[in-house]
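Report on one structure; see the data block that follows.
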Amino acid sequence: MPVGEDQVQHLELSREVARRWNARFGDGYFPEPQAKLTPSRRIMGLDGNAKMSKSMGNTVGLLEPPASIWEKLRPAVTDPARVRRTDPGTPEVCNIYHLHRAFSPPDTVAHVETQCRTAGWGCIECKKVLFENVNQELTPIRARAEEIRARPALVDEVAGDGAATARRVAGATMREVKDMMGLA
Ligand code: SF4
């Protein structure tokens, strides 16, 4: 199950419920969900203080226009030890580096590490590269969102199909569960 690092504890609760139910009524019936973490497990807000949160205004929106994203990235907090352009940095403590890990290809991430540690470039150059890669990733998402926005009936149709499938699958599961618990 794809989750952020801070959701792992909630997933653990589901695993515990599945384990207990399985032990009592039917071993292995409910598979224990496994956390699927990406290389960037936790993205902090652009202010560097907390995780991204809309209410704190430190987020980057997937459908946000490029100019607005750059306005936010340009002043975003980086490694506080890089006071001057010539100061070497530690990418691991920098949120921009973690965003690179989420959006940039591996060779670019390696380049960022080298350039940061050797003060080979300034943070603005680093952010410009990130900005390009964020845009590259978000451009098709924005285009798809536009297409969907133009066809609201499609959204209703897909949501309706999904709800019908979920009802069918959940109904069958509940019948089996009640049977195994002797409640049928
Ligand atoms: S060079 Fe990049 S990774 Fe290093 S501190 Fe600056 S923004 Fe962060």
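So here's what we get for this one:
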item: Residues located in the stretch 1-60, provided they are of a type in the set (D, E) and on the phi > 0 side of the Ramachandran plot; result: none
item: Test: residue in the stretch 50-57 that is closer than 11 Å to C123 by Cβ and more than 10 Å from the ligand (Cβ to nearest atom); result: no
item: Single match in E113, E137 (criterion: away from the ligand (no atom under 14 Å from the Cβ) and at pLDDT 95 or above); result: E137
item: Qualifying positions in the stretch 59-84 - of a type outside the set (S, T, Y), within 16 Å of the ligand (Cβ to nearest atom) and outside any helix (DSSP H, G or I); result: V60, R74, P75, A76, V77, D79, P80, A81, R82, V83, R84
item: Boolean, I148 is under 17 Å from the mean Cα position of the chain (by Cα) and either within 15 Å of the ligand (Cβ to nearest atom) or aliphatic (A, V, I, L, M) (or both); result: no
item: Every residue from the stretch 90-110 that is away from the ligand (no atom under 14 Å from the Cβ) and touching a residue at least 12 places away in the same chain (Cβ under 8 Å); result: P105
item: Complete set of residues in the stretch 1-11 that are surrounded by 13 or more Cβ atoms within 10 Å (Cβ to Cβ) and among the charged types (D, E, K, R); result: E5
item: Flag for D87 being touching a residue at least 24 places away in the same chain (Cβ under 8 Å), outside any helix (DSSP H, G or I) and farther than 30 Å from D179 by Cβ; result: yes
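Residues checked against (1) surrounded by fewer than 16 Cβ atoms within 10 Å (Cβ to Cβ); (2) more than 24 Å from P140 (Cα to Cα); (3) under 18 Å from the mean Cα position of the chain (by Cα):
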residue	(1), (2), (3)
R20	yes, yes, no
E32	yes, yes, no
G57	yes, yes, yes
L73	no, no, yes
R82	no, yes, no
F103	no, no, yes
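The values are calculated or read from the model by the stated rules, or taken from the named source; none is laboratory data. As the structure is a prediction and not an experimental result, all values here were calculated from the model. Heads up, the Cβs are rebuilt from the backbone with ideal geometry, glycines too, and the neighbour counts pull from every protein chain shown.
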